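What follows is calculated from the coordinates using simple rules that are stated; it is not laboratory data. The model shown is predicted, which means the values in this text are computed figures rather than measured ones. Here the Cβ is made from the backbone with ideal geometry for all residues, glycine too, and neighbour counts use every protein chain on show.
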Amino acid sequence: MKKFEKRIKIAIDSPAAAGAGTVAKKISKYFNLFYLDTGKIYRYLAFLKMNYPKKFGYTFITKKINNIKLKDLNKKVLSNDDIGILASYVAKDNKIRKLVHNFQIKCAYKFPRKYNGSCLDGRDITYKIVPDANFKFFITANVKTRALRRYKELIKLGKKISYQEILNSIKKRDKNDYNRRISPLKKTKDSILINTTNLTKSACFLKIKKIIEKKIKINGNI
Ligand code: C5P
């Protein structure tokens, strides 16, 4: 990897199940970037709220975020649909968001030295967490396609849930994420729109990789 690529910062926003996580992981691996799925943090907090309802306050949350480990974010239970919905309610709390923001900003700007940059995906990454990113993408797909993809994913993981339940929960989350007052999901003017409705995972990866490589080639230095 050449020197100029050391400064790559990628910011991705997307609604639930649009394929952003999958492509962000692939792109991060390809360009050797530190990757953070920021939704996992809100999901982890939702998990804590569910399991420790009495302790769940700002002091408890601060302690947990300060001591967060990768294994906390990789818990299988975090992919559950009820956790996703609860996360979208937890994520409306401005004080909680501020605590989470500090952690995300550290990941985006102070990643371990072995990486060439960082890649974060979420809902407010392009305009709040990494507003100076070299690359900004808004990744979306039509709601039925997203629901079907999430349904297949969860069935593969052995979860018992129907397509209709998934569709309803994605619609509920879209409503929460697009319409909330604080840090709503939106496409910024400087984000490139990627619609994955008719794209395979690998076509989506190639499209984004091409955009990044083209800009690196033109600018020589980002
Ligand atoms: O990305 P994922 O679907 O796992 O995120 C779960 C929930 O966390 C979202 O529905 C959203 O409400 C919240 N979230 C957020 N800001 C982010 C990432 C996720 O509000 N940057």
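Annotations
- In the stretch 110-222, inverting the average of 1/r over every pair of distinct C-alpha atoms gives 16.4 Å as the Kirkwood radius.
- Percentage relative contact order, the stretch 1-121, counting C-alpha pairs under 8 Å, at least six apart: 51
- Percent RCO, i.e. relative contact order, over the stretch 8-210, from Cα pairs under 8 Å lying at least 6 residues apart: 37
- Among I129, I161, I61, the largest mean-square fluctuation in a Gaussian network model of the chain (Cα springs under 10 Å) belongs to I161.
- Reduced Cα scattering model of the chain, Debye log10 I(q)/I(0), q = 0.08, 0.11 Å⁻¹: -0.28, -0.53
- Label-to-label distance, L73 versus T59, with points set 7 angstrom from Cα along the beta-carbon direction: 2.7 nm.
- Kirkwood hydrodynamic radius over Cα pairs of the stretch 46-99, then Stokes diffusion coefficient at 20 °C and 1.002 mPa s, in µm²/s: 183
- When the stretch 8-210 is described by a simple charge dipole with +1 on each Lys and Arg Cβ and -1 on each Asp and Glu Cβ, the residue from V143, Y178, P112 located farthest towards its positive end is P112.
- Helical mean residue ellipticity (222 nm; -39500 (n - 2.57) per DSSP H run of 4+; nearest 500) of the chain: -16000 deg cm²/dmol
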